[in-house]
Every structure is written in C-alpha cells, then in structure tokens.
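Down below is the structure, laid out as structure tokens.
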Amino acid sequence: MNKSIRVLFISGSGEDVENIQSEMWNWGFSVVSERVSTYEELRTELKTRVWDLIISDYAIGQFYFTEAISLISGMDNKLPLIVVSDYKGEECMLEAIEKGCSDYILKNDFKRLRLSINRILKESAVCSGHEKMMMECFEDNKRLLDTLDSIGDGVIITDKKGNIIMLNKVSQACTGWMQQEALGKPLSSVFRIIDKTSRLPAENLQDKVLMQGKATGLKSNTVLVSKDCTERYVSANCAPIITEYNGFAGAILIFRDITRIKRIEDEIINEQRNLTAMFDAAPVGMLLFDQNAAIRKANSTIYYIAGKEPFKQSDNKRIGDIFKCPNRNNCAEGCGYCRECVSCGLNIALQKACSSDKIIINSDVQHTVFMNEDNMKLWLRINSVPIIIDTEQHTLVIIDDITGLKQLQEELKGSNEELQNALIELQRTQNHLIQQEKLAGIGQLAAGVAHEINNPLGFVMSNFETSKNYFEKYKRILDAYRYLKDELLNLGDKNIEIKISDINDLERKENMQFITEDLEDLFKDSKEGLERIGKIITGLRLFSRVDQQNDIAEYDLNEGIQNTLIVVNNEIKYYAAVEENLQNIPIIQANGGQINQVLLNLIVNAVHAIKSKGIEEMGLIKISTSCDDKFIYCCIEDNGEGIAEDNLNKIFDPFFTTKSIGKGTGLGLSISYDIIVNKHDGELQVKSTQGVGSSFIIKIPIHE
Ligand SMILES: Nc1ncnc2c1ncn2[C@@H]1O[C@H](COP(=O)(O)OP(=O)(O)O)[C@@H](O)[C@H]1O
Ligand SMILES: [Mg+2]
C-alpha cells in the first residue's frame, strides 16, 4: 500500500518537481504536492494547508531557502525541510544544516533523497502513525471531504493537541471562521461555546474527550458564539480518533445548530406551562382518568376542594386518595378501589363517566357524604367528557364543589316553606276574620230582627190574651141572651115568636154556632203559633249571642245545640229527622257564639251529605252529648254519603270542598277546627265510611 505524503515544493522548475515526484511514486509514496516559487506563495500555502515535508531549491532568484526556514520556525508544527541543490560544497551543506534544514542533497541524488525522506518521516512526530494515515486518507479521498462539506452538520477535526486540522462548510458558516484562518488554531478559540444563562465558557470538549477517552456531548443550554458574536444553540458530539499505532491522534467534533429546534422546544415548553397553569387555575377540579379509573392528571383545584396537599405524582392514584371515603373503614383500600361499595356515589359516578363514551353533564352526587380534611360534608357536581389521549380512551372529569349552592338551595327551600306556611296562616286568619265579620253581621242582624219582633210580639200576645178574655165575656153574655130568648118563647106571644125566629134565622145564616166553636180552636192555635214565634226569637237571640262574640263566658252546650237546631230547622226538616240524646253535662267556659257556629257548620254539612246521597227516605241526624272528668263531648252523626278515604286528611284544609261553586266554600271545617283546637284547646275528630255516613266528635276541656 502506498504511503500518503503531502509535499510542498519551493522550486523554480516544474520539471525538477516532476522528476522528484515520479521518483517518490516509484518508492511507494502517494504524493500530494504543490509548487511555490515566491515567499508570498509559500506563506499562503503554509497557512491554508497542512504539509508533511518541504523540498526546497537552494535559491530562486533572491529567494533563499533560509527565508523558508525562518517562516517554518515561527509555526507551531515545525515542518522538515530538505534542500535540493546544485551547489556541491561542504560550506553550503553545513550552512543549511545549521539554519535548521533536515538535510542538504544534491540534485538528482535520488538515492540519498529517498533515505532522507524515509528517515524524516520516521522521525517526524507530526506525520507519524495514524495521524499521517488520517491525513493520507483525507487527502487521498477528496470525496470524503466533499461529503463532509455537503452534510447539514458541522464537522471539525483536531489533531492530538487540539488544533484544528479540518472544518467543513457548515462549521465555517456557524463559527464564522474560514478554513484557512482556523487551521492550526486550538478548537476552543474557533468553536467558542458558553452556557447561555451563566455566560461562562462551556467545558472544553477536546480536554474532556482526552480525559475520558471516549465520546462526549454538550450540556443543553450551550450556545456557540461565532466570530461576529452571533449565538446559536448547538448540540454536539465529540469523539476521540484512536490510531492503531499511536493511540489518541485527535478528535472529531460533529455539531448541529439546534436554535430553531430549541425555539420550538421553548415554545412547546411555554405552551405546556401555560396549559398547565390554565389547568391548575381552572375554578373547577379537573381529573384525567384512564379506563381503569386511575388518575392520570389532576389539577390544583381538586386538591383545594378536597382540602389536601397535592400529590407530587398523581399518576395511578384513585379518587379515594384525594377524597376521604366514609366507608373506608369497611374497605381496606378506601373509595375508588372498592368497586362493590354501593354507597359510594362518587365512585359510581366516576365509573359511569369512565365507561361512557358520551358527555355527562351535571350529575350531582347525592346521598353520599364525602369528607375533606375538615370532615365537612361535600356536595359534588360531576361533568365528564371522553377523550382520546395517546390513542387510548381517557375521561376528563370536571368536579365542582356545589356544597355552598346546595346549602343556599336548602336555605331557600326552608325560607320558601316558611313563607308558604306564613301565607297559609295569613289566608286562614283572613278567611277567619271575614267569616267572623260575616257572622258578627248576621248575628247582629238576627239579634236586631229578634229584638224588633219581640216588642210587637209582646203586645200582640198580650192583646191576644185580652181578646181571648173579651171573647169569653162575649160568650157568657151570648149564653145569657140565648137563655132569655128561650124564656121569651115560653110566653107564647106571637109577635115575640116571630122576632125570635128572625134572630134564629140570622144566627143560622151567619153560622154563629160554628163561629163560636171555631173561635175556641182559633184562639188555641194562635196561642201556640205566638208561643212558637216567641221561642224562635229567643233561639235566634241566644244562638247569635252577639253580646259575647269574642268573649269567654259560661256556656251550656246542650242549650247551644237546641238554639242551633231552631236556627237550622228549616234546612233540616225536609231531609232529615233529628234524634237528640243530650246528657246532663257541665257548663263550660267558652265562646258560645263560636261553638254555636261550629255546631251549625257540622249540622249543615250533615244535611248536605244526606241530600247528596240522593235517597228518597228521610235521613237521620243523631246529636248526642256526654262528658267525663275532663271533657265534654258532642257527637253529630249522619247517614249521608260519607267521605272518600283519600279526602279524609284534606277536609280540614281551607278551601277544600267537594261541593259545587256557590254551594261550598271549603271554609266551614277549617274554621271549626281553628275554633275547637286552637281557641278552645279541644279536639275535632272525624270518622266516616263512604256510602254509610260520617260522625264528627267535638271534645272540649271542662277547665274548672
Ligand atoms: N258530614 C259530612 N259528610 C260527608 N262529607 C262531609 C261532611 N262534612 C264535611 N264533608 C266534606 O268536607 C268538605 C269540607 O267541608 P267544609 O269545610 O264544611 O266546606 P264546604 O261545606 O263548604 O264544602 C265538604 O265539601 C265535604 O266533602
Ligand atoms: Mg260546610
């Protein structure tokens, strides 16, 4: 295999160069060469390319090899230089060696040249072993360099001291260094990298590679500062070049401008941060569940609701880890693990959400007490949306703490009920007032009428008595006249007989006998009638008791019943018979007007029930009174249509009526209940069988 060598000729003759080159080829060298003939050319060539050897003429015009020597001596890498000269002479050779040449050889003494080159190559550290082979390789294979130039990554190769021996186009563009300027420079001065935040130089890659003996990369956040101070984020990999013979021969750095990627990365991170901030700041608890109801993500609010410190890692937690389950004592693993726990509304709701492919809205968790850290009862509202994340079915669950709302609702319900009750009470009071007002009016009217009738009735009755007495007197006188008439007839006087016969005719004609007899009956009937009128008037006055409408006074229930019956007699008499069974009961302290009103309501209801039954025979109303130590009782029983079972608990409600409009107001029993129960500390009970009849029992305490 040919040994690769890069030779720079300082020569005035192209032919000489070709001769040497062809000889070298013969010796097995693969020669890469360049010929310069001026000092300037030499300088440029030395700057831009790497050489293994210089073969120089002794002089080209005024340009002496010594100038080349002094140029080389200023370089880091001292190049070996062989002078090939026409001048044969000890002095010239000594001068050359003295000045630092590697050898002095006469032109065409190729044999010596070959020996010299071989010696130099052996001695030369620069061109030793694999480094040289590397160079050979690069030089030999221009294509590789072209390839390196065409790739998108930056490639920089250094020698074992860390000086650059190659940088591709991308590297040149990124560092701002041209190949010629960069060659031979230490890596750190061309590939200037710093930490973006601290602005401190990043670790020297070459050193690190040397130290570790293996490939190394850059920390993220490292930027490459180019010559014009442009900064680029870079990622890099620096690997040692190990040669077979000499071990570490240099390093190859491959880097990439990741500024755009970094920017996108930053944007993604920012976006992610924003999303997380939004997720956390949402005023509702948010949880992402997988199909097994395990939590994949939880926002801060959910912990706030549960009164818990957020778990650092919420992955794989269950809902029971966040909310205390009241049944956790019955189940070792607590809520969210125990699928069978039927009492766990939250768990059930979440499972429903996780297994559903539909959106669930406003499913309130009820009947389950969830505890936060303060053992507060919580009401949770659950909304859920199925979503696909990483191709797998997940469920986003939104949990809202609606405890406050529920409390408000409860409070609202409470005050609503209070309002409702107040309204009913108001209605009742209003109706009662209206009714009482009416009653008082009717009572007053009745009392007034009774009073007005009572006066004329008084003198009519007394005139009647007087008239009856007068009639007795007339009758006695008439009897005396009749006796006298009989006596006169016995005298036998014809004239008298005629006169008496005229009188008898007149008597017959006027029907005097009948009149006299009938007058007796008339007086008897009229007396009865007048007495009845008197009773009714008294009944009316007593019933209305207008004087004590709102007062408590002594009251005889039996008397009350009698008076009430007088007043309603007209209502009853065509439909029902009244059977009274009034026991001897004590007088009580009561508002007589009001109790009479109750009796009237109950009796009228009984008559209505009998009428509604629609049967031909007369109905029967049984009214009885009784007492024990503490109470007096009155039972009013009818055999009317009875009350449907469904209605039994409604009949005391104001405005409940089964009667047609105009006939029933639905107020009678509610007022009666109020009078007996609230005003007299009593009870008003009902028993009824539909189709058979009803009985109402009034029970009033005696209160000595
Ligand atoms: N003795 C009774 N027999 C059958 N139903 C009755 C009787 N008393 C009351 N009720 C029922 O109770 C309802 C309410 O009675 P009430 O409060 O007096 O109002 P109203 O008589 O104006 O309907 C009546 O409409 C009727 O349905
Ligand atoms: Mg009624």
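Among the residues in region 187-202, are any under 26 Å from W51 (Cα atoms), part of a loop (DSSP other than H, G, I, E, B) and over 56 Å from the mean Cα position of the chain (by Cα)? Within region 187-202, one or more residues are under 26 Å from W51 (Cα atoms), part of a loop (DSSP other than H, G, I, E, B) and over 56 Å from the mean Cα position of the chain (by Cα).
Would you mind stating whether F523 is touching a helix residue (DSSP H, G or I) at 6+ places or on another chain (Cβ under 8 Å) and assigned by TED's automatic domain parsing to the domain that holds G458? Answer is yes for this residue. Screening F696 with (1) more than 12 Å from ligand 2 (Cβ to nearest atom); (2) closer than 23 Å to N581 by Cβ gives one miss only, at (1). May I ask you to verify whether D646 is assigned to a loop (DSSP other than H, G, I, E, B), among the acidic types (D, E), surrounded by fewer than 15 Cβ atoms within 10 Å (Cβ to Cβ) and away from ligand 2 (no atom under 13 Å from the Cβ)? Spelling it out, it is not the case that D646 is assigned to a loop (DSSP other than H, G, I, E, B), among the acidic types (D, E), surrounded by fewer than 15 Cβ atoms within 10 Å (Cβ to Cβ) and away from ligand 2 (no atom under 13 Å from the Cβ). Note on region 476-589: enclosed helices (runs of 4 or more DSSP H) holding 1 or more residues that are without any contact (Cβ under 8 Å) to a residue 40 or more places away in the chain and in contact with a Leu (Cβ under 7 Å, 6 or more places away or on another chain) are 494-510, 557-572.
From the list I636, I632, I621, pick out the single residue that is touching a residue at least 12 places away in the same chain (Cβ under 8 Å), surrounded by 15 or more Cβ atoms within 10 Å (Cβ to Cβ), among the β-branched types (V, I, T) and away from ligand 2 (no atom under 16 Å from the Cβ). Answer to the selection: I632.
Report yes if D401 is touching a strand residue (DSSP E or B) at 6+ places or on another chain (Cβ under 7 Å) and among the acidic types (D, E), otherwise no.
In short, yes.
Does at least one position in region 582-601 carry a residue that is exposed (fewer than 15 other Cβ atoms within 10 Å of the Cβ) and within 14 Å of ligand 1 (Cβ to nearest atom)? Scanning region 582-601, I find no residue that is exposed (fewer than 15 other Cβ atoms within 10 Å of the Cβ) and within 14 Å of ligand 1 (Cβ to nearest atom), so the answer is no. The residue that is surrounded by the fewest Cβ atoms within 10 Å (Cβ to Cβ), among those in region 155-186 that are of a type in the set (G, A, S) and in a helix (DSSP H, G or I), is A173. Taking strands (runs of 3 or more DSSP E) as the structural unit, those lying wholly within region 212-315 and holding at least 2 residues that are free of Cβ contacts under 8 Å to residues at least 60 places away in the same chain and surrounded by fewer than 17 Cβ atoms within 10 Å (Cβ to Cβ) correspond to 231-243. Which residue pairs have Cβ atoms closer than 8 Å, lie 6 or more positions apart in sequence or on different chains, and pair a first residue in region 651-671 that is more than 9 Å from ligand 2 (Cβ to nearest atom) with a second residue that is in a loop (DSSP other than H, G, I, E, B) and aromatic (F, W, Y)? Hits for this filter: S670/F652; S670/F655; S670/F656.
Within region 680-700, the set of residues being touching a residue at least 40 places away in the same chain (Cβ under 8 Å) and surrounded by fewer than 15 Cβ atoms within 10 Å (Cβ to Cβ) comprises T689, Q690, G691, V692.
Scanning region 39-89 for residues that are of a type in the set (D, E) and either modelled with pLDDT of 85 or more or in contact with a Leu (Cβ under 9 Å, 6 or more places away or on another chain) (or both) yields E40, E41, E45, D52, D57, E67, D86. Consider region 657-692 and keep the residues that are within 7 Å of ligand 1 (Cβ to nearest atom) and outside any loop (DSSP other than H, G, I, E, B). The one that is modelled with the lowest pLDDT is G664.
The values are calculated or read from the model by the stated rules, or taken from the named source; none is laboratory data. Owing to the predicted nature of the structure, the values given are computational and were not obtained by experimental measurement. FYI the Cβ positions are ideal-geometry reconstructions off the backbone, even for glycines, and counts take in every protein chain you see.
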